Structures are given as C-alpha cells and as structure tokens.
1. What does the charge add up to near Ala14, with Lys and Arg as +1, Asp and Glu as -1, over the other residues with Cβ less than 12 Å from its Cβ?
2. For Pro42, what is the net charge nearby, where nearby means another residue's Cβ is under 15 Å from its Cβ and Lys, Arg count +1, Asp, Glu -1?
3. Leaving out ligands and nucleic acids, note down the accessible area per residue over the chain with a 1.4 angstrom probe, in whole Å².
4. What net charge do the residues around Glu59 carry, taking every other residue with its C-beta under 14 Å from that of Glu59, with Lys and Arg at +1 and Asp and Glu at -1?
5. Suppose we look only past 19 Å in the calculated P(r) of the chain. What percent of the Cα-Cα pairs does that tail hold?
6. What residues have an amide H closer than 5 Å to that of Leu5, excluding those fewer than 5 places away on the same chain, when H is modeled at 1.01 Å from N in the peptide plane?
7. Can you find, among Ala68, Gln57, Thr38, the residue farthest towards the positive end of the dipole of the chain? Put +1 on the C-beta of Lys and Arg, -1 on that of Asp and Glu.
8. Rank-order 41-50, 60-69, 8-17 by packing density, defined as the average count of other C-beta atoms within 10 Å over each peptide's residues, highest first.
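The values are calculated or read from the model by the stated rules, or taken from the named source; none is laboratory data. Keep in mind the model is a prediction, meaning the values are calculated, not measured. Reconstructed Cβ throughout: ideal geometry from the backbone, glycine too, with neighbour counts over all protein chains shown. Note: accessible area is taken over every heavy atom of the protein model, side chains too, but ligands, DNA and RNA are not part of it. Shrake-Rupley method; radii C 1.70, N 1.55, O 1.52, S 1.80 Å.
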Amino acid sequence: MADSLSWEDADEIAAILRQRFPDNDPESVSELEIARWTREIPELVEQSPDPETIQRQVEAIRDAWRRAA
C-alpha cells in the first residue's frame, strides 16, 4: 500500500474499505458513510476537496469496491 493516499486513489481506498468492512455491500452504504470511512484512513492526505469533488470520488470508490466484490 502507498505511504499516502488522495481522494483520487479510488481503487486503493476501495480495497481498504473492502478489507475493513467485508460484510457491507457498497450499494447499501450511503455516500456520507463512504466519505466518513475514507476520511478515517490514516494514509489519506486530506486535501479538503469541495463537496462536488468528494461526491464524484465517492462514486469512483463505490464503483471500484463493487468491481472487486
């Protein structure tokens, strides 16, 4: 895993979330919850993206999580 992650690292973030929450279906998790869980990843370098960017990245994370499920 990388030393640091950004919101752009959807595949890596999805892998972490999948590992931390193996019983969760990405389709049943709210965007707010995915964003909160992502912010809790210690390697995430918080860039304070605007809400529109976060929404777009959360969808990319969800898509990556779904593909790997």
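1. Values: positive: Arg18, Arg20, Arg62, Arg66, Arg67; negative: Asp9, Asp11, Glu12, Glu59, Asp63.
The answer is 0.
2. Every neighbour counted, the sum reads -3.
3. Heavy-atom SASA per residue in the chain reads 62 Å².
4. Counting the neighbours of Glu59, the net charge comes to -3.
5. Roughly 21 percent, rounded to a whole number.
6. For Leu5, the qualifying residues are Leu44, Val45.
7. Ala68
8. Values: 41-50: 11.5, 60-69: 16.7, 8-17: 20.0.
Ranking the peptides 41-50, 60-69, 8-17 by packing returns 8-17, 60-69, 41-50.
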